[in-house]
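Asks: After the structure tokens below, expect a handful of questions from me.
Read-outs: derived from the displayed coordinates by stated rules, not from any lab. Since we're looking at a predicted model, the values are computed, not measured. Cβ: placed from backbone, ideal geometry, glycine included. Neighbour counts: every protein chain shown.
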């Protein structure tokens, strides 16, 4: 363990929600001496211990630059969070940022060997599959998704980090796989999807879904930076709900459609940039992709504080008793 | 759940349309009795009870601590910055929207268990199972005393019929006639579990996809799990093969029992074969619509969807004495020969139970329906 006052943390993707929350939490924590916020634009939290360093992971020579920076600042913990929260049409750029960007980061870390390396990932890397058990543990295969570059770039990044962990036993490598994060401030694929008044339902299918509240997620990331735990961890919320119940709680209008229609329609809407979710996302409305958070509770000391219902209502901005009274009124 | 009943913001009707974000402290006037921002400081929450006057103030430790914890929690919450994503603003017909939410939640509960069983949905289908159990199939269940009142156990039963009515009846028998009224979690084959409409309904009333990881987790939690090791082959049994048990899978259920030290309770179901006598099956178009075959019964597909209704045969369900495998130890699960032998023994036992029940019926043809 490094001397407590001098812990230096470098965070890529400082402008993402989790990056920003982490900066804010590290700023308040006296154990950390210095925080390097690496991103293409300065995050809101700059000041105090937080220093902004402009770094573009899509640049080919960024690894040398980053290695020098890590060496000079004597970075103790590296947090790699430069991942996209929603799919983009600029797939080439996304690939450069997520897959190749991770390679640059690992190249830099291989030389410096920071004490700790934390990566932000998602449970979507398991992929929605009819063969998935109800609770995917961390040992489950990373199936990804056959035609989703959004998911597959993250799978490739994770595989690189796994290889790095094997080759560099001096660095504690910790990967956090977050369930879809919902909350009042975060913006990602799921919050955009659920912000629409209508939502597609695959006719006759109703998989269970799982979310984690944004504050729980930020807390988990802080725990991961603080602790010495290594390996992959599923960071999930409390409880599951069927997709149609989620829509009912949100008051969205479900539009049941046959799979073929839904796929063609989404293809057109995605190509014309009218919706933010690609056709491959429909598989997550067909099959289970729910992870088990037991390992995080055991080894990371993280247990979610908010239930899935509370998370959904907080995302919606509705007081919890609201829906309940409404339902009671409708029944009686 | 404690986190579900915390009052976060007032349920004010007036801020549904207004520009006020309930997280912003100045959105509404302070209620009488509170002292405004000065006292509540960082909170900005108008639902907090007013701080008592010094005269009637008495140290109340437990409550005080709870209040401090509540303040800490709110402080934590306050760190979430107010951000103008107020989705309600996108829905101008607020009253309609509220009514819609209430209607959409009808018949479903906002809490389901880990495997997706919805208590309210289960209650909604209860009458159907009760009708099938008591009136339609007139199920005669025996040996229920062998089912433990608590703790894990693995029910192993034979399987027949075009639709899994037999698993529903085993479930309902334990829920209705067992003194502990336990819930059985049947493991459902993939083909049925992913059938449109039927799969989600089965999941809501307690069915779980047949997966070793799921079964193990359920047993670890001390649940009653029902398996039908014949699986798809059992359901696709033709009329001429009725009451002849098929191969018991690859003995996965024995491995499961050995690993989790759960007792195996053999269950024989008689009557399901006559409820939907499968005369033949068509496979050529079935794969295209995602099912392994299209059954041909005396009523299906001739009567359309109504042909899927079961015939009113008389059913017998017998629960056998539990078989304890615990003394073999979890290592025995890797012994393939042993696993296969145990699976075969259990299969023979269930076959004998079936033959016994068939012998009880008065005559082989009409008796299937009259009992």
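Asks: Can you give me the distance in nm between label points at residue B:341 and residue A:28, each placed 7 Å from the Cα along the Cα-to-Cβ direction?
Replies: For residue B:341 paired with residue A:28, the spin-label model returns 6.4 nm.
Asks: Still on this structure: Nearest 5 is fine: what % of DSSP beta bridges in region A:111-243 come out antiparallel, could you say?
Replies: In region A:111-243, approximately 10 percent of DSSP beta bridges are antiparallel ones.
Asks: Let me ask something else about it. With 10 angstrom as the radius, rank A:196, A:72 by how many other C-beta atoms surround their C-beta, starting from the fewest.
Replies: If I rank by nearby Cβ atoms, fewest first, I get A:72, A:196.
Asks: Among B:202, B:169, A:103, A:119, rank each residue by its count of other Cβ atoms within 10 Å, from fewest to most, as a rough exposure measure.
Replies: A:103, B:202, B:169, A:119
Asks: Working out 0.36 nm times the residue gap between residue B:150 and residue B:183, then minus their Cα-Cα distance, what length gain in nm do you get to one decimal?
Replies: Taking 0.36 nm per residue and subtracting the Cα distance, the gain is 10.8 nm.
Asks: With a cut-off of 20 Å, note down the residues of region A:103-122 whose backbone N falls inside the zone around a label point 7 Å from the Cα of residue A:166 toward its beta carbon.
Replies: Under cut-off, by backbone N: A:103-111, A:113, A:117-119.
Asks: Shielding by partners for A:236-242, please: the mean number of other protein chain Cβ atoms within 10 Å of each residue's Cβ.
Replies: Mean partner-chain Cβ count within 10 Å for A:236-242: 4.
Asks: Would any residue of region B:122-161 have its amide N under 13 Å from a label point 7 Å out along Cα→Cβ of residue B:220? List them or say none.
Replies: From region B:122-161, the list is empty.
Asks: Applying 1/(1 + (r/R0)^6) with R0 = 30 Å to the Cβ-Cβ distance of residue B:197 and residue B:332, what FRET efficiency is obtained, to the nearest 0.05?
Replies: Efficiency for this residue pair is about 0.15.
Asks: Related question: Compute the relative contact order of chain A as a whole-number percentage, counting only Cα pairs closer than 8 Å that sit 6 or more residues apart in sequence.
Replies: Once divided by the residue count of chain A, the mean separation gives 18 percent.
Asks: While we're looking at this one, here's another question. Contour minus end-to-end for residue B:128 and residue B:299, with contour as 0.36 nm per residue of separation and end-to-end as the Cα-Cα distance?
Replies: So the chain would gain 59.5 nm between residue B:128 and residue B:299.
Asks: Within 10 Å of each Cβ in peptide A:197-209, how many partner chain Cβ atoms are there on average? Round it to a whole number, please.
Replies: 3
Asks: Taking only DSSP H segments of four or more residues, each worth -39500 (n - 2.57), what value at 222 nm results for chain A once the sum is divided by all its residues, to the nearest 500 deg cm²/dmol?
Replies: Mean residue ellipticity at 222 nm (helix-derived): -11000 deg cm²/dmol.
Asks: Given the Cα-Cα distance of residue A:228 and residue A:89 and 0.36 nm per residue of separation, how much length would full extension add, in nm?
Replies: Using 0.36 nm per residue and subtracting the Cα-Cα distance, I get 46.3 nm.
Asks: Counting pairs of alpha carbon atoms under 8 Å apart in space and at least six apart in sequence, what relative contact order in percent does region A:60-202 give?
Replies: 29
Asks: Can you figure out the FRET efficiency of residue B:311 with residue A:192, using R₀ = 56 Å and their beta-carbon distance, to the nearest 0.05?
Replies: 0.65
Asks: Could you check the spin-label model distance between residue B:99 and residue A:261? Points 7 Å from the Cα along Cα→Cβ, value in nm.
Replies: 2.6
Asks: Just want the ordering: A:226, A:139, from fewest to most Cβ atoms lying within 10 Å of their own Cβ.
Replies: Ascending number of Cβ neighbours within 10 Å: A:139, A:226.
Asks: Next up: Inside 10 Å of the C-beta atoms of B:106-117, what's the mean count of C-beta atoms belonging to other chains?
Replies: Mean shielding count: 6.
Asks: For the pair residue A:305 and residue B:287, what calculated FRET efficiency results from E = 1/(1 + (r/R0)^6), where r is the Cβ-Cβ distance and R0 = 41 Å, to the nearest 0.05?
Replies: 0.30
Asks: On to the next question. Just grab the label-to-label distance for residue A:71 and residue A:269, each label 7 Å out from Cα along the Cβ direction, in nm (one decimal).
Replies: Distance between label points: 5.2 nm.
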